[in-house]
Structures are given as C-alpha cells and as structure tokens.
1. Which ³J(HN,Hα) values in Hz, rounded to whole numbers, follow from the phi angles of region 26-37 under the Karplus curve 6.51 cos²θ - 1.76 cosθ + 1.60, where θ = phi - 60° and Gly and Pro get x?
2. Can you give the local net charge around His55? Use residues other than it whose beta-carbon is closer than 12 angstrom to its beta-carbon, Lys and Arg +1, Asp and Glu -1.
3. Taking the Cβ-Cβ separation of Ala180 and Asn6 as r and a Förster radius of 22 Å, what is the calculated FRET efficiency to the nearest 0.05?
4. How many nm separate the modelled label positions at Glu192 and Glu131, each set 7 Å beyond the Cα in the direction of the Cβ?
5. First compute the accessible area of region 30-117 with a 1.4 Å probe, then give the percent of it belonging to carbon and sulfur atoms.
6. Using the heavy atoms of the protein chains alone and a 1.4 angstrom probe, what is the accessible area of region 27-87 per residue in square angstrom?
7. Once label points are set 7 Å from the Cα along Cα→Cβ at both Arg66 and Gln149, what is their separation, rounded to one decimal in nm?
8. Once amide H atoms are placed 1.01 Å from N in the peptide plane, what residues at a sequence separation of 5 or more from Phe61, or on another chain, have their amide H within under 5 Å of its amide H?
Amino acid sequence: MSNFSNPRIRRGSGPSGTLRKDNVRDKALDYLIEDFEQRCAYSMRHMENSGGKRHMDVDHFDPTLRGKKRDAYSNLMLATHHCNMMKNATWTKVAAGGAGAISLLNPCEERDYGKHLFEDAHSHELIGVSERGRLQIDTMDLNHPTFVQERRQRADYFAIKRGAAAYIKGSFVEVLKVIALADAAHNRCIPEIPPPPSIQTPKGPSLARPA
C-alpha cells in the first residue's frame, strides 16, 4: 500500500486459472491479503483488528459485471465484513442536480484518501470533499463508531509518542521495549489520513478520552 500515491493500492496479477463464483474466495483471498497488505480496501482497517482472515471478505467491486468479468481478479477487493455488507450491491448513485451517475472510488485505479477523503483532526471522522467521497463514506459507513475510535486511538498514540521525550522515565532498553510493543499494536490501526487542506492539525499530544 503506497503512501497516498495515485493509485493507493497496486495489486499483482492474482492467482492462475479461472476464477468462478464457487472458487473465488479459496483462490483469491490469500492474494488479496498480500496485495492489500492485510487491510480493507475501503476502511483500511487491518485484518487482525477485524477478527482475522476468516472475517475478511472478497468483495466484487463492480457488482453489475457478469460472467468472467465479475470474478476477474481486477474486480475483487479485500474488505471487512462490515464494509462488504454495507456496500452490498451499491455501485452508482445519481449525482446532485441529476447530473449523471457517480461511482464508488476504486483505490486500485485512483487516489481516494488524501484527495476525496480526509480525516477531521479533532473528531477523527472522515470528511468527503467530493460527491464520490461522500458516497464512499455513506455507502461503507466509514464513520461507524468503531472506525472513529480506532482512528482516534491511533492519533492519540502517535501524538503522545512524538512528544514523549519529556515524559519517559526508565532505562533506555526498557523504553525501547515498551515502544516496540505499542508500535506493534498501533501499526495495525487504520493508517494516518491527512486532514482537509483548510484544517490545521493541533500541535502537541491529544488527551485520550476517559474509558
């Protein structure tokens, strides 16, 4: 997964042989897990934070395709069960003012986060700055409380880590061990998402909300 480049995800060629409805999960899932770096194509939630491999789905990005095109590897996305169920058969929506149809964002062909989707630096909710971005958020319910909580947890941790020098006590080796354990957990969180250009990220560590 590239760092908000265009496109965000660069997939490989996938498995050999013909993919069909009856074999698509068995043949394609491991390839999708590798190509998508164990993250949902839509929410970017890590597989381990979603319950593991068996809780990840193979989503048909364009559900209107038929025959071989529907099950082609290029039409398959790794998705959390939440995102896949929310998306269901959604593909397009009539744009505001009836100006034609708009489609969901394909992270394997275009930039989504950092162009259409941003993260509010205070609420940690996603903001869609385009109709397609807003369609993506609404369709996959990307501001579900569990996603927002994970983004907040990630932001709080990295803010504290960046300003931790004044707070850390203990031997250097002990500190490194604690940081390594914390990094291992938080690197599986939804990655950092840039705020909209007009919103400035607050300086200094943010305080985690009380449980």
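1. Computed from phi, the couplings for region 26-37 are 4, 8, 9, 4, 5, 5, 5, 4, 6, 5, 8, 6 Hz.
2. Values: positive: Arg45, Lys53, Arg54; negative: Glu48, Asp57.
Net of charged neighbours comes to +1.
3. Working: r = 33 Å, r/R0 = 1.49.
My answer for the efficiency is 0.10.
4. A separation of 3.4 nm, rounded to one decimal place.
5. Values: 1950 of 4150 Å².
Carbon and sulfur: 47 percent of the exposed surface of region 30-117.
6. Numbers: 2720 Å² over 61 residues.
Solvent-accessible surface per residue comes out at 45 Å².
7. Those two pseudo-labels are separated by 4.4 nm.
8. It is Leu76, Met77, by chain and number.
The values are calculated or read from the model by the stated rules, or taken from the named source; none is laboratory data. Just so it is clear, the structure is predicted and the values come from calculations on it, not from any experiment. Please note: Cβ atoms are built from the backbone with ideal geometry, for glycine as well, and neighbour counts cover all protein chains shown. SASA here: full protein model, heavy atoms, side chains in, ligands and nucleic acids out. Shrake-Rupley method; radii C 1.70, N 1.55, O 1.52, S 1.80 Å.
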